[in-house]
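Undergrad: Pasting in a structure now, in structure tokens, and then I'll have a few things to ask.
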Amino acid sequence: MVKKPEIIIEAKALEFNYPGDSLNRSSAINGIDMTVNRGEYLAIIGPNGSGKTTLLKLFNALLAPSGGEVLVEGISTVDHEKVPLIRRSCGMIFQNPDNQLVATTVEEDIAFGLENLALPSAEIRQRVTEVAQRLHLDKLLLHPPHLLSGGEKQRVAIAGILAMQPRCILMDEPTAMLDPSGRREVLDTVKALNREEGIAIIHVTHFPEEAAHADRVLVLNQGEVVEDGPAEIILTDLEMLHSYNLQGTAVVELAALLRQDGFNLPTRILHNRELVNSLCQYERKS
Amino acid sequence: MSRSITLGQYLPGNSYVHRLNPRLKILALLLLLVLLFSLNSFAGLFSLLAMALLLLFSARIPFRYFLKGLRPILYIVIFALIIYLFFTKGGVVLLRIGSFTIESEGVREGFFVITRLITLIIFSLLVTLTTTPLSLTHGMSFFMKPLSKIGLPTDEVAMIMAIALRFIPTLMEESQRLMRAQVSRGADFETGSIFRRAQNLVPLIVPLFVSAFRRADDLALAMEARGYRLGAKRTRLHVDKVLPADLGTLIFVIILIAAAFYFKL
Ligand SMILES: Nc1ncnc2c1ncn2[C@@H]1O[C@H](COP(=O)(O)OP(=O)(O)OP(=O)(O)O)[C@@H](O)[C@H]1O
Ligand SMILES: [Mg+2]
């Protein structure tokens, strides 16, 4: 018998309206049923205002559902007593690296969540040291946040979450304000955490290239999940993506152009290597 | 430019005073101030001043920091001196200007008060220059702790101070960026009347406020997401351990006070 995957986050008939939403406007979240499994890398894409940020905030108990419910490791997010547990197992990284670092030094910032858990100082120290080594921040521990690069700031934010030993990290466009090298720095860190430590990642992004790193991609539109499937299926369906005003990756768009020009390429080309391979074989075949 | 922004007055170092527990530094400062104001003799006052100067020297604090620290009280010092010189009578008459006289008792008293003020400044500087603003904040919140019994949010106040310290450099950077952006569009912050210059600052201050409020919003969310709850019990990464040197210092200060009272200094 196949072992059922362990569910970390489950949304059931989830709905959310911002206060002041009038009846003629649709809800920010409009009846979502979905699950996130342990160790999964899930990307969420969707046009502006489709409800991506709202969904993450609901998962992190920063917002309470207007209808339906969210279960994080089986605990409902409306259970006030248990909210600290939820925040511990599902940490959240925000878009602006400057506005999520709280403390005057890197080490104090990594320690912030642990201080909130009221752990003994010795244990906080130990975890901060471990996490800093893991994310190669050990040389920066005494630096004030304003002297760090954008990529470093985001890695400090990730370290602060990692120190809480989470099951899942929620990321709301974590690379949107970074330069290309900072972006790569953050992506590599996140991918390593997912592969090596089995931490589930939910990654909201506007970059199709970033979504291509995920195992599974979810498309959100007007507060509804309109597509949900493996990255190579969702991200190669250009017709669908374009219908929601989304772009494909450069490789997918290029493959589509080539197909239009009559090149007979396979349909599911997502990664650079796949395109290169099929082009090389193409040449040999013809 | 942003890298040169220093926070508070802290001068990094590793001297005896630097290493003292911040809570103890504050306590010792308070005790020494009490002592300073109960001393009546030049002998006692000068010993205390000598001690303060010795500590200042051992902490390798450049003399100009001391002068900078004196600047704010310069007027008080001059004012006090004038009052004492002209209005304290007694002893021999040293100088006569019309109906005003300066008498030796006035000189003595004036000199005494100034020395006392300067010693006070040195001790305070010793604490603020050798303690990071964050440690200082936490040290002070420790002594405020009893106030939380009557409902004052002392831990939260310490958190507010710490966050302010964290964001001052960020906001400074931002204001400089805005200023450059405005200057490149022809704004002028350096010439014209004060009124004119203040007016030119408006396009700087409005966006700065807007962005500060947005930051505050984001930060509140991030803090909540990381498990911060108002009024909940927290621990700290840094514990200010009490070391033998701290106890020794405290005992020394107490002996000083006892001696001063015993010998009626
Ligand atoms: N604080 C708020 N108050 C009222 N309405 C809001 C608020 N935040 C978001 N909304 C509305 O809720 C809907 C979903 O917003 P949300 O921020 O979740 O979208 P998003 O997918 O994250 O968009 P983006 O790609 O721009 O980040 C939008 O229609 C938005 O206008
Ligand atoms: Mg968003």
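Undergrad: So which residues in segment B:66-99 are among the hydroxyl-bearing types (Ser, Thr, Tyr), crowded, with 16+ Cβ neighbours inside 10 Å and assigned to a helix (DSSP H, G or I)?
TA: Result: B:84, single match.
Undergrad: Inside segment A:108-142, can you point out the residues that are open to solvent by 20 Å² or more (accessible area, probe 1.4 Å), away from every other protein chain (no Cβ under 11 Å) and closer than 30 Å to residue B:173 by Cα?
TA: Those that are open to solvent by 20 Å² or more (accessible area, probe 1.4 Å), away from every other protein chain (no Cβ under 11 Å) and closer than 30 Å to residue B:173 by Cα: A:133, A:136, A:138, A:139, A:140.
Undergrad: Taking the criterion of being within 16 Å of ligand 2 (Cβ to nearest atom) and buried (at least 21 other Cβ atoms within 10 Å of the Cβ), would at least one residue in segment A:74-84 satisfy it?
TA: No, every residue in segment A:74-84 fails to be within 16 Å of ligand 2 (Cβ to nearest atom) and buried (at least 21 other Cβ atoms within 10 Å of the Cβ).
Undergrad: Would you be able to tell me the number of residues in segment A:177-205 that are in contact with a helix residue (DSSP H, G or I) (Cβ under 9 Å, 6 or more places away or on another chain) and open to solvent by 40 Å² or more (accessible area, probe 1.4 Å)?
TA: Within segment A:177-205, residues that are in contact with a helix residue (DSSP H, G or I) (Cβ under 9 Å, 6 or more places away or on another chain) and open to solvent by 40 Å² or more (accessible area, probe 1.4 Å) number 7.
Undergrad: Take residue A:100 and tell me if it is within 9 Å of chain B (Cβ to nearest Cβ) and polar (S, T, N, Q).
TA: Yes, satisfied.
Undergrad: Could you list all residues from segment B:153-177 that are open to solvent by less than 40 Å² (accessible area, probe 1.4 Å) and over 30 Å from residue B:232 (Cβ atoms)?
TA: B:174, B:175
Undergrad: Same structure again: Which of the residues spanning segment A:103-119 are touching a Leu at 6+ places or on another chain (Cβ under 7 Å) and either without any contact (Cβ under 8 Å) to a residue 24 or more places away in the chain or assigned to a loop (DSSP other than H, G, I, E, B) (or both)?
TA: Passing the criteria: A:104, A:105, A:108, A:115.
Undergrad: Return only the number of the condition from (1) within 14 Å of another protein chain (Cβ to nearest Cβ); (2) away from ligand 2 (no atom under 16 Å from the Cβ) that residue A:70 does not satisfy.
TA: (1)
Undergrad: When the residues of segment A:143-179 are filtered to those that are away from ligand 1 (no atom under 16 Å from the Cβ) and in contact with a Phe, Trp or Tyr (Cβ under 8 Å, 6 or more places away or on another chain), which remaining residue is farthest from residue A:210 (Cα to Cα)?
TA: A:160
Undergrad: Return a yes/no flag: does segment A:28-38 have any residue that is in a loop (DSSP other than H, G, I, E, B), among the polar types (S, T, N, Q) and modelled with pLDDT under 95.
TA: no
Undergrad: Could you identify the single residue in A:227, A:232, A:210 that is under 11 Å from the mean Cα position of the chain (by Cα) and on the phi < 0 side of the Ramachandran plot?
TA: Step by step, each of A:227, A:232, A:210 is checked, and only A:210 is under 11 Å from the mean Cα position of the chain (by Cα) and on the phi < 0 side of the Ramachandran plot.
Undergrad: Can you run down the residue pairs with Cβ atoms below 6 Å, 6 or more apart or on separate chains, where the first is in segment A:33-60 and within 14 Å of chain B (Cβ to nearest Cβ) and farther than 25 Å from residue A:247 by Cα and the partner is within 16 Å of ligand 2 (Cβ to nearest atom) and part of a helix (DSSP H, G or I)?
TA: A:60/B:225
The values are calculated or read from the model by the stated rules, or taken from the named source; none is laboratory data. Just so you know, these numbers come straight off a predicted model, no measurement behind them. Cβ coordinates were reconstructed from backbone atoms using ideal geometry, including for glycine residues, and neighbour counts include every protein chain displayed. To get the accessible areas, we keep the full protein, side chains included, count just its heavy atoms, and leave off ligands, DNA and RNA. Shrake-Rupley method; radii C 1.70, N 1.55, O 1.52, S 1.80 Å.
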